[in-house]
Every structure is written in structure tokens, then in C-alpha cells.
Amino acid sequence: MTETLKVNGQSYAVEINPHKALSDVLRDDLGLFGVKVSCGEGECGSCTVLVDGQPVTSCLMLGSQAVGREIVTIEGIGTRDALDPVQEAFIEEQGFQCGFCTPGFILAAKHFLEENPNPTKEEAATAMSGNICRCGAHPYIVNAVMNAAKKIQAQKST
């Protein structure tokens, strides 16, 4: 059946198979390839998107469950000319190697920093532990989260 999904602030009419994962709808039907599927079991966090502001492993959520909700993918934050502070921090701190897991980490970090704008390094590490980087970039990712927190605080004070 055709449903309307609101993704990155835009509404899309999409034919949704009742058994199709949100990650597949976003990738296959909307061409949002920043949504990465690695494990397909909700364990790695690569497919993380924000649904109504909360991080969700989109490989475990059905596309039909997203109808009427606000979905944000990596494509929905920042632009090429004006990156989100979390994206900037990941680049500055080299918080990625192959980059496959990076969109999920950035969205998880964005949510975390909205909830905890002034974290300790230990809190940032714990918050990022729900995502897996097989390349071993976790120390750089935590540094990126801490850098992003500083950037966001600086933006708020100006």
C-alpha cells in the first residue's frame, strides 16, 4: 500500500511492503544510501536513524511503523557547505576509518549530545558503545563526540 513517510523534513509517497525494514525502504525506495546495513540484527548500529528524535536501528523497524513519524538520516543533517558540528568533529578527529559505520555513529552522537550537552569522556564512550566500528576507531569517535560537544556549546554561547 502507498503510505507517506516524512524523511529529512520532506514527505514521500512510498509503496511499502508490510514486511520491509525501514532501512530497506530508505535505501531502496528513497535512495538514501547513508543508511548502512551491516549485521541486519540491530547489533552494530550502522543503520541508526532518528525517529521522532530517538536513535533507532532501522534494520529492525518496519517501514510501515515509521508512517506518521519524523525520520532523520545522515542526509538530513548539515549540508556540503555547512556541516553539522558533529560531522565537523568527526572529520577533525578522524573519527572513522572505512566510514561504513560513521553515519550511525554521527546520528547516535547527535542524539546523545542533545540529551547530555556537556558529557565526560566516560559518558561519551558509554553512549557510543551501542555502535560498533570494526576498524577500531572508537577512541577517535569518543574524541569526536567531545569535540562536537565543545562546538555545540560554542554555537549556543554566540
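For the stretch 83-125, taking the reciprocal of the average inverse distance between every pair of different Cα atoms yields a Kirkwood hydrodynamic radius of 10.8 Å. Cα centroids of the stretch 96-155 and the stretch 65-90: 14 Å apart. Taking the accessible area of the stretch 91-137, probe 1.4 Å, and keeping the other protein chains in place, the carbon and sulfur fraction comes to 51%.
Write down the accessible area per residue of the stretch 24-158 in Å², having rolled a 1.4 Å probe over the full set of protein chains.
I get 50 Å² per residue for this part.
For the chain, the ratio of Cα radius of gyration to the globular rule of thumb 2.2 N^0.38 Å stands at 1.02. A simple count of charges around D84, restricted to other residues whose Cβ falls under 10 Å of its Cβ and scoring Lys, Arg +1 and Asp, Glu -1, yields +1. For the chain, the longest principal axis of the alpha carbon atoms and the long axis of helix 138-157 meet at an angle near 80°. How many percent of Cα pairs in the stretch 17-67 exceed 12 Å? Every Cα pair in the stretch 17-67 considered, those over 12 Å come to 57 percent. So what's the angle, to the nearest 10 degrees on a 0 to 90 scale, between helix 102-115 and the longest Cα principal axis of the chain? Tilt of helix 102-115: around 70 degrees. Taking only the alpha carbons of the stretch 80-158, we obtain Rg and Dmax values of 11.5, 38 Å in that order.
The values are calculated or read from the model by the stated rules, or taken from the named source; none is laboratory data. Given the structure is predicted, the values throughout are model-derived calculations rather than measurements. Note that we place each Cβ from the backbone using ideal geometry, even for glycine, and neighbour counts take in every protein chain shown. The protein model used for the area step is the full one, side chains on, heavy atoms only, and it has no ligands, DNA or RNA in it. Shrake-Rupley method; radii C 1.70, N 1.55, O 1.52, S 1.80 Å.
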